[in-house]
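Everything on this sheet refers to the single structure shown next.
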Amino acid sequence: MNDVLAEILGLRDQEPLKPAEEGLTEEGLGRIGSLEPGMPLGEFASRVFGALPSVAGGVRVAGDQDAFVQRIALCGGAGDSLITAAHDAALTSTSQGSAPPSSI
């Protein structure tokens, strides 16, 4: 499911957010990848809203709508076990000169 979500949202260079302890390198939980080209958070939120079916909670966005986003982490499910991995990935990206993390 994560591979399908990443494909629908246009992520490139995908890899597991939390790699499997055993198995193939492409196996694991969640996905992290890059948007090519990157875009403002608000534009990416519109892409997510247009790509996913409507649900009661809708698409919720946190962060500056004009902030540039390029590195995206996702999980098709609750994803609560991946919060630390996503946060660590965002901090790694931030230390390389990108904007502070935003979330959808």
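The values are calculated or read from the model by the stated rules, or taken from the named source; none is laboratory data. Small disclaimer: the values here were computed from a predicted structure and weren't measured. Glycine gets a Cβ as well: all are built from the backbone with ideal geometry, and neighbour counts include every protein chain shown.
Looking only at the range 55-68, which residues are out of contact with any Gly (no Cβ under 6 Å at 6 or more places or on another chain) and either aliphatic (A, V, I, L, M) or modelled with pLDDT of 85 or more (or both)?
Here is the first cut: in the range 55-68, the ones out of contact with any Gly (no Cβ under 6 Å at 6 or more places or on another chain) are 55-64, 66-67.
V55, A56, V59, V61, A62, G63, D64, D66, A67 - these are the residues of the range 55-68 that are out of contact with any Gly (no Cβ under 6 Å at 6 or more places or on another chain) and either aliphatic (A, V, I, L, M) or modelled with pLDDT of 85 or more (or both).
Do we find that D13 is among the acidic types (D, E) and either touching a Leu at 6+ places or on another chain (Cβ under 6 Å) or on the phi > 0 side of the Ramachandran plot (or both) in this structure? Break it down into steps so the answer makes sense when it comes.
On the way: among the acidic types (D, E): yes; either touching a Leu at 6+ places or on another chain (Cβ under 6 Å) or on the phi > 0 side of the Ramachandran plot (or both): yes.
When the stated conditions are applied, D13 passes them.
For the list (1) closer than 15 Å to M1 by Cβ; (2) at pLDDT 90 or above, I need the number of the one condition that L52 fails.
(2) is the only condition that L52 fails.
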